[in-house]
1. Considering only residues that are charged (D, E, K, R) and assigned to a loop (DSSP other than H, G, I, E, B), look in the stretch 1-54 and name the one that is farthest from LEU106 (Cα to Cα).
2. I'd like to check something: does the stretch 221-229 contain any residue that is farther than 29 Å from GLY344 by Cα and free of Cβ contacts under 8 Å to residues at least 40 places away in the same chain?
3. Hand me the list of helices (runs of 4 or more DSSP H) wholly inside the stretch 237-299 holding 3 or more residues that are over 22 Å from GLU123 (Cβ atoms), of a type in the set (A, V, I, L, M) and outside the structural domain of ASN117 (by TED's automatic domain parsing).
4. TYR263 is checked against (1) farther than 16 Å from LYS349 by Cβ; (2) in contact with a Leu (Cβ under 9 Å, 6 or more places away or on another chain); (3) not polar (S, T, N, Q) and fails just one. What number does that condition carry?
5. What is the residue count in the stretch 127-151 for residues that are surrounded by fewer than 19 Cβ atoms within 10 Å (Cβ to Cβ), modelled with pLDDT under 95 and either among the polar types (S, T, N, Q) or within 22 Å of ARG20 (Cβ to Cβ) (or both)?
6. Within the stretch 249-285, take every residue that is modelled with pLDDT under 95 and of a type in the set (Asp, Glu) and give me the one that is surrounded by the most Cβ atoms within 10 Å (Cβ to Cβ).
7. State all residues of the stretch 137-162 that are of a type in the set (Ser, Thr, Tyr) and outside any helix (DSSP H, G or I); if no residue qualifies, say none.
8. Do any residues in the stretch 355-366 that are crowded, with 16+ Cβ neighbours inside 10 Å and in a helix (DSSP H, G or I) have Cβ atoms under 6 Å from those of residues that are modelled with pLDDT of 95 or more and aliphatic (A, V, I, L, M), where the two are at least six apart or on different chains, and which pairs are they?
Amino acid sequence: MISIDRGLLGKGQLGDVLERHAEYGKHVDRLDIIVFSAPGFSENKISQNVSSFPTNSKSKIRYFFDAKKLGVRLFNQNKYDLIVTQDPFVTGLVGVKLKKLFGAKLLVHFHGDFWQNPSWLRESRLNWFFWLISKWVVSKADGIRVMSEGQKDKLVKAEVAEEKIRIISTPINFEKIEKACRSQVADKGFKIILHVGRDDEVKDYKTLIKAYKLVKAEKSLRTVLYQAGADKQIEIAMKNEGMNMNKDDITLFSLAGHKDVLYLYPQADVVVLSSRSESFGKVLVEANACGKPVVSTATTGAKEIIQDGYNGFLVPIGAAAALAEKMVYLLENPAKAKAMGENGRRLVKEKYGNNLEKIIQFWQKIINSNL
């Protein structure tokens, strides 16, 4: 595997990334992961047969060259049947190069919603360059894994062979979530809104804080915003809206691991996602699995998970007022919120319960066929 997730190196992981890859390792003889990183990281032994290796690159420009060099070294030491890249960009380029050198099959993941996404292209001029790279990488891939039907549709419209594409979202450990969510939480005397997200502009903390400010204006509600997994972006958004943590009941949580997120889900009355772009939205699935209703902007991924009005609500991207309106509705109607949460619990378990098995089967199919 070739990844940009430094959590695989055992530092600053968000969610269950280490546990998930250890689980992958139970289905293969060996899993080695090259991770793009700055200097200062060490090899991380995730499980008996799963290890991650940092590039320790002196600059981002060096990621490709250092990852390729590391890949060549690993291929010279071991036999690999499949190369899996986290995206069709620089990790994808490395995958194409290693495929050409050693003849292994190549699976490219689409974790982000970027193809035919004007919002993503506007974020940076460099994204136009990455868009061109992705088109070339996709043409060389033996398989493509996407997170949603919307992503697949975009690829098919771009004349990517449909038989190479599988819709398989990130596996969820439902047993672990359900166990954590059995814990009883005492009434704190206020309503809790939970947002979980990394420090990334795509999460649109500006819209989140604007929406929360509108919720706070509802004098009939006493609310607290729990934010897990980010601080810089949300603090900028708070400053721009003239808000501060103590006065406006905003609590920031640093996450040491997935268990910290699982501790927060049972406490929440509603879980919100304000992203401009999501290919999936694992937080929404985990929240529903915990029996919590969700409110999200209508990203490609969220539209796959949420049946509007059934297990949560969808609102237009960037629409702070609509986001606030739906949160207030759920907070003021706890019986309806509970029913939507229970709907979500049944829905996501049925829809995403066997994704790990689907991933392993796709690996086998790519290796054993001429996809």
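The values are calculated or read from the model by the stated rules, or taken from the named source; none is laboratory data. This one's a predicted model, so the numbers in the text were calculated from it and none came from an experiment. Quick reminder, even Gly has a Cβ in these numbers, built from the backbone with ideal geometry, and neighbours come from all protein chains shown.
1. LYS11
2. Checked against the condition, which is being farther than 29 Å from GLY344 by Cα and free of Cβ contacts under 8 Å to residues at least 40 places away in the same chain, the stretch 221-229 yields no hits at all.
3. Here the list reads 258-264, 282-289.
4. Just one mismatch for TYR263, condition (2).
5. Residues in the stretch 127-151 being surrounded by fewer than 19 Cβ atoms within 10 Å (Cβ to Cβ), modelled with pLDDT under 95 and either among the polar types (S, T, N, Q) or within 22 Å of ARG20 (Cβ to Cβ) (or both): 1 in total.
6. By that ranking, first place goes to GLU278.
7. Answer for the stretch 137-162, where residues must be of a type in the set (Ser, Thr, Tyr) and outside any helix (DSSP H, G or I): just SER148.
8. As it stands, the answer is TRP363/LEU82; ILE366/LEU107, since those pairs meet every condition given.
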